[in-house]
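This report refers to the structure that appears directly beneath it.
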Amino acid sequence: MGTFIKDIFRTKQIRDLQETEAKHGLKRALGPLHLVFLGIGCTIGAGIFVLTGTVAAQNAGPGIMLSFVLAGFAALFAALCYSEFASLVPISGSAYTYSYTTLGEIIAWIIGWDLVLEYAIGAMAVSIGWSGYVTEFLKNFGLAIPPQLAAAHGSLVTLANGQQVEAWFNLPAVFIVFAITVLLIIGIRESASLNNLIVLIKIGVILLFVFGSMHAIKVGNWHPFIPQNNGEWGHFGWTGIMMGAGIVFFAYVGFDAVSTAAQEARNPRRDMPIGLIGSLLVCTVLYIAVAAVATGVVSYKDLDVPHPIAVAASHAGLPWMSFAVEFGAIAGLSSVILVLLLGQSRIIWTMAHDGLLPPFFSHVHPKLKTPWISSVILGLLVSIFSAFFTIREAGSLVSIGTLLAFIIVCSSVLILRIREPQHERPFRTPCIWLVAPVGALASLVLMLSLPGLTWIRLVVWLVIGQVIYFAYGRKHSVLAGR
């Protein structure tokens, strides 16, 4: 029994990770601006273009601004902890790698398996949002995707004649996942360069929406700022603010994805903290601004649609802006899918490199220098599931996975400070004894505010992961032979 416990809690050594840092085979092509843009590219997406409307309409009302503040607060504390780890251990794998050095292999597996779910469901959720915007955008050119092919299986959709029928599957969502997967296989530099361009477009569109629509704000739409609770947990009132924060936390997964690109950064010890914290701060300000304008222009009750920002722009009396918002949303959501699929494939690659998953997942293309096999498999799975889920179901599941990762990282950075204080830390989390515990506690509170069904789905996924670990990973782990 003692040997068993020792095996599953074996840890990696910091010095071993640092020694193998340059032997990974991935191409170092990303500078600090690339990393900031990767974070913004992933963070500004479905959270601002889609979930802003659904959470305002169903949970928080205009108080969604407070939901973004609470979620951003928890994310900032976690980002500071991530930054210390990313500069100390600049290795792909994000929270998985960090927990492997502090809490042991079994905890690392749990968080790694959780991150696989987080990024997969995240990409799925955003592809669903992308489908909603592209369907509306194409109508501007007289092109109509049949409703049965643009929604989750079983969803009720309305035909042109007013008849309601059940949808078959979401074809546009499948298409965008396939296209992004191909781009990621081609190369990291090409992917990052396209992401930079997309980020510039969507930031421009967001600023255009905020400043162009401010004239149409009706202060009455902000009253009551926190609608009275309807007697059910999470539906308005302060419980709605909390549940809203838990759901929109999905929007803050972007800076976590930055840490998965550590082995493709040119100077990760300096640049990773810049990418993590810089992207988070920029995105938080934009989120609050957009939520304020959207709920000020349109009653929150009318925002429960697949394209709420475009609806708000239209209400502002600027139909051309609605067109621009739809275009920016399509571009923006594309970059989110790109970064999420990139992060997911790198985590799978790292876990396979450690022996916890079959070795073919760690194969790097000899010419393109990308983990192409894992990208193909994961892209296929994400595209299939994106055809059948709704964005709200997916968003909640991503949030709980992200929050669990944040709890692990905040705990791990504190443990490592105590256990191995001698290591040089290019970036040190300020006020670590306050930031780390508060970051973990804030994430836990937001987790507890999420629906019970989301918890059940997470537990089922983690149980499946434990079966795989004990059947395969524990025996084939690189550390098993030491």
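At each listed q (0.15, 0.19, 0.30 Å⁻¹), what is the log10 of I(q)/I(0) that the Debye formula gives for the stretch 274-334 modelled as equal alpha-carbon point scatterers?
Debye intensities relative to I(0), on a log10 scale: -0.51, -0.76, -1.23.
Provide the gained length on full extension for the span A179 to E424, in nm with one decimal, where the gain is 0.36 nm per separating residue minus the Cα-Cα distance.
Residue separation times 0.36 nm, minus the Cα-Cα distance, leaves 84.0 nm.
If packing is taken as the mean number of other Cβ atoms within 10 Å per residue, what is the order of 34-42, 99-107, 469-477, 404-412, highest first?
Taking the mean over residues of other Cβ atoms within 10 Å, the ranking is 34-42, 404-412, 99-107, 469-477.
Report, in listed order, any pair from K218/K301; K12/K475; K139/K301 with a Cα-Cα distance greater than 19 Å.
As for pairs spanning more than 19 Å Cα to Cα, those are K139/K301.
Would you kindly work out the equivalent ellipsoid of the stretch 302-374 from its C-alpha gyration tensor and give its semi-axes, the square roots of five times the eigenvalues, largest first in whole Å?
42, 13, 6
Among N229, V435, A75, whose Cα projects farthest towards the positive end of the dipole of the stretch 36-481, with charges put on the beta-carbon of Lys, Arg (+1) and Asp, Glu (-1)?
Going by the Cα projections, it comes out as V435.
Taking the C-alpha atoms of the stretch 36-481, how large are the radius of gyration and the largest Cα-Cα span, Dmax, in Å?
20.9, 71
Could the peptides 169-182, 450-463 be put in order, highest first, of the mean number of other beta-carbon atoms found within 10 Å of their residues?
The densest-packed peptide leads the list: 169-182, 450-463.
Bear in mind that the values in this text are calculations on the coordinates, not laboratory data. All values derive from a computational prediction rather than experimental measurement. All Cβ positions, glycine included, derive from the backbone under ideal geometry; neighbour counts span all protein chains shown.
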